[in-house]
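The values are calculated or read from the model by the stated rules, or taken from the named source; none is laboratory data. All values reported here derive from a predicted model rather than from experimental measurement. Don't worry about glycine lacking a Cβ; one is built from the backbone with ideal geometry, like all the others, and counts go over all protein chains shown.
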Amino acid sequence: MIDIPARRGKAVHLRRGQTVKVVNTAGQQVVDTWAFAAGDMAEFMSMEHSRVAIGRIIPTVGDTFVTNRRRPILTLIEDNSGGIHDTLFAACDRWRYETLGCTEYHDNCADNLATALAALGLAAPHTPSPLNLFMNIPIVDGNRVEVRPPVSTPGSHVALRAEIDCVVAFSACPQDLLPVNGRAMQPTHAHFAISD
Ligand SMILES: [Zn+2]
């Protein structure tokens, strides 16, 4: 298992057909997830295009995420986490924390993505909207969105299969001002493993 340290990010290469298993080690940790086509960082897994492709806002096992060019890139093939994930919220960034009252720098998923990609010698042209694994953002009264603690349990996981060669990146979300990562608001680490 590869560690995604608390409040930090990690990126890896995936070959077509490989699977990455993402484990919610402590149970309440949201993991922002991105995927970029190998060799072209301008093509990336797109939540707005994927919602069109799958016909829902919360993906279920068997659903395939697509890129901004509508090519399949990742398929959700296992999920024992309770099935609650988010495709609506942007990654947290320094400005999000400023609007929440932070006056000093706060760790954030957008910067974690950039740092994780830089470790592979890569850079994204911008921060795509992530697949927020384990994040619980229900639609209330058919329109409002609420931030609620995850429903996932310790050690539960999802598995994603690569449909093309790609780079996947994860951020153990450092949100500690809202119950995104549980009522205790204590971000933790998470883990992933790659298999053929
Ligand atoms: Zn975040």
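Going residue by residue through the range 153-162, is there one that turns out to be buried (at least 17 other Cβ atoms within 10 Å of the Cβ), within 16 Å of the ligand (Cβ to nearest atom) and either at pLDDT 95 or above or within 15 Å of the chain's Cα centre (by Cα) (or both)? Give the derivation first.
Pass one, the range 153-162, residues buried (at least 17 other Cβ atoms within 10 Å of the Cβ): 156-162.
Right, trim to within 16 Å of the ligand (Cβ to nearest atom) and you get none.
For the range 153-162, residues buried (at least 17 other Cβ atoms within 10 Å of the Cβ), within 16 Å of the ligand (Cβ to nearest atom) and either at pLDDT 95 or above or within 15 Å of the chain's Cα centre (by Cα) (or both): absent.
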With the first residue restricted to the range 91-119 and required to be in a loop (DSSP other than H, G, I, E, B), and the second required to be more than 14 Å from the ligand (Cβ to nearest atom), Cβ contacts under 7 Å at 6 or more apart or on different chains are ALA119/ALA11
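Report yes if SER50 is assigned to a loop (DSSP other than H, G, I, E, B), within 22 Å of ALA11 (Cβ to Cβ) and of a type in the set (S, T, N, Q), otherwise no.
Working: assigned to a loop (DSSP other than H, G, I, E, B): no; within 22 Å of ALA11 (Cβ to Cβ): yes; of a type in the set (S, T, N, Q): yes.
No, not satisfied.
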Among the residues of the range 120-138, the number that are without any contact (Cβ under 8 Å) to a residue 60 or more places away in the chain, touching a strand residue (DSSP E or B) at 6+ places or on another chain (Cβ under 8 Å) and away from the ligand (no atom under 16 Å from the Cβ) is 1
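Taking the range 68-78 only, how many residues are surrounded by fewer than 20 Cβ atoms within 10 Å (Cβ to Cβ) and either within 16 Å of the ligand (Cβ to nearest atom) or under 14 Å from the mean Cα position of the chain (by Cα) (or both)?
Residues of the range 68-78 surrounded by fewer than 20 Cβ atoms within 10 Å (Cβ to Cβ): 68-72, 75, 77-78.
Restricting the remaining residues to those that are either within 16 Å of the ligand (Cβ to nearest atom) or under 14 Å from the mean Cα position of the chain (by Cα) (or both) gives 75.
Adding up the residues that qualify gives 1.
SER195 - would you say it is of a type in the set (Ser, Thr, Tyr), surrounded by 18 or more Cβ atoms within 10 Å (Cβ to Cβ), touching a residue at least 60 places away in the same chain (Cβ under 8 Å) and away from the ligand (no atom under 13 Å from the Cβ)?
No: the conditions fail for SER195.
Listed here are the residues, each with its yes/no results for (1) within 14 Å of the ligand (Cβ to nearest atom); (2) free of Cβ contacts under 8 Å to residues at least 24 places away in the same chain; (3) under 16 Å from VAL167 (Cα atoms); (4) crowded, with 16+ Cβ neighbours inside 10 Å.
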site	(1), (2), (3), (4)
ASP3	no, no, no, no
GLY17	no, no, yes, no
ALA26	no, no, no, yes
GLN29	yes, no, no, yes
VAL52	no, yes, no, no
ASP63	no, yes, no, yes
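Taking the options ASP107, ASP176, ASP141, ASP86, name whichever one is acidic (Asp, Glu), more than 26 Å from GLY39 (Cβ to Cβ) and away from the ligand (no atom under 14 Å from the Cβ). Full working, then the answer.
Values: ASP107 fails: away from the ligand (no atom under 14 Å from the Cβ); ASP176 fails: away from the ligand (no atom under 14 Å from the Cβ); ASP86 fails: away from the ligand (no atom under 14 Å from the Cβ).
Checking each option against the conditions leaves just ASP141.
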